[in-house]
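Beneath this line is the structure, given in structure tokens, with notes to follow.
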Amino acid sequence: MKFLKFNLLLVITLFSSHGLAIECEWWQIPIKGSTISQYPRETHIVRKHPRKEHCREKWKGADTYIKQFRNDPIKGWPHKEVFKPWTRKEMEILLRLLPTLPAWTEINRYQFFRAINSDTIDNPSRSEVTYGSIILYDLFFSQQNKAAIITHESAHHLYKKLSPSDIDIFRTLSGWTYEISFEKRQVFKNPPKNLIQPDSAIGEEEDFTNHVEEFFKAPKSYPKAYPSIHKFLKERLK
Amino acid sequence: MIRLIFLSFFCVLACTLVPSKWETKSIRMHELWKSSATKEDVVKAFGKYSDARTNGIAYHLLAPQNGIDSVHFFDSEGHLEEQFTFVSKTELEELLKRIPCQWKQKSEMTSLGHSVGMIDSGLCTNLGITYKYDNSMQLYEVRWKR
């Protein structure tokens, strides 16, 4: 009985010391209700006012980004890959990272899915461009360059938004050529002679995403190496 | 009032006499297809081609190294045997509206290099027309083939 009384007292003491009745989500922190003293701002003075207790996001935009995590698989996924739910630790890594990315990545537009391993070797991530999804594999979480990886994936979605004339400009600047085979009655695409990454040869979209990734992670060297594409990207990625 | 009547009359007359000039390229290609056009008919419709072989002619967007506008192949008798072009979604929708056919259409999630996306395709068997979305070009390839 004494033990029970002690526990009850302890709970009351702890609760009253915090003075909080509000329950927050794990990505939020509780802010105590209090009275804010009068303080000056640049243009005016804010009078003394009460502040209600409330929950504040731990990382900028967390209340928005948290809604973008999906635990279910993507229907009709063409790869033999296994989707799985997010752990809190993994979501926290993303919630810390996402607000650091530039606005042009449009990172708040995508849904984030989690899968075990890619069926492509050494692939940390993939994008589904029709509905706007980014899939992160186990490998992603052991990588140092997580921001560059997410930027690369966002570039797949940005490519989808380019107009045919912008695609034509990028293709020409990068050095892609189209060739008609009159025998096979098909169009063949010749990749640029100097590829920014070996997998740029896959197609114009992968080439574009590699350029955007480099544009993001090498702001000093990239403009010197690819001045015309840098200008093209700078005019569009704002 | 007389001016207004004259203007209306002129508009109707102009639209009736030169309808092909107001059509999209793919619709004009379909018209050529229906009439089993010859190389001369194609040149008359689209002007001088930018590349040619014995079995066909091609039109590029600006220069031969740039985008391809349309390619036309002819049979031994000189009639259109196959042709293709690349169109936007709006132009494709317009074309589908103009071609009365029981289209077999499909939308399939497909691997596109390192990304994944829906690829729309369609088939009109009795007229020998197919279309398929080209993700890299963000355009639809429309092909007529006998």
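The values are calculated or read from the model by the stated rules, or taken from the named source; none is laboratory data. All values reported here derive from a predicted model rather than from experimental measurement. Cβ: placed from backbone, ideal geometry, glycine included. Neighbour counts: every protein chain shown. What goes into the accessible areas is simple: the full protein's heavy atoms, side chains included, and nothing from ligands, DNA or RNA. Shrake-Rupley method; radii C 1.70, N 1.55, O 1.52, S 1.80 Å.
Tabulated values for the structure
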| quantity | calculated |
| --- | --- |
| Filtered residue count, region B:64-122, keeping only those that are aliphatic (A, V, I, L, M), closer than 17 Å to A:THR130 by Cβ and at the interface with chain A (Cβ under 8 Å from one of its Cβ atoms) | 4 |
| Those residues of region A:153-180 which are of a type in the set (A, V, I, L, M), open to solvent by 10 Å² or more (accessible area, probe 1.4 Å) and at the interface with chain B (Cβ under 8 Å from one of its Cβ atoms), in sequence order | A:LEU162, A:ILE180 |
| When residues of region B:96-120 are limited to those that are in contact with a strand residue (DSSP E or B) (Cβ under 8 Å, 6 or more places away or on another chain) and polar (S, T, N, Q), the one surrounded by the most Cβ atoms within 10 Å (Cβ to Cβ) | B:SER115 |
| All positions within region A:67-82 that are outside any loop (DSSP other than H, G, I, E, B) and open to solvent by 60 Å² or more (accessible area, probe 1.4 Å) | A:LYS67 |
| Top-ranked residue of region A:181-238 - restricted to ones that are over 30 Å from B:ASP69 (Cβ atoms) and over 20 Å from the mean Cα position of the chain (by Cα), ranked as surrounded by the most Cβ atoms within 10 Å (Cβ to Cβ) | A:TYR222 |
| Matching residues, region B:121-146, being open to solvent by 40 Å² or more (accessible area, probe 1.4 Å) and either more than 20 Å from A:ILE167 (Cα to Cα) or in contact with a helix residue (DSSP H, G or I) (Cβ under 9 Å, 6 or more places away or on another chain) (or both) | B:LEU123, B:THR125, B:ASN126, B:LEU127, B:THR130, B:LYS145, B:ARG146 |
| Any hit, region A:181-188, residues being at positive phi and either modelled with pLDDT of 95 or more or among the basic types (Lys, Arg) (or both) | yes |
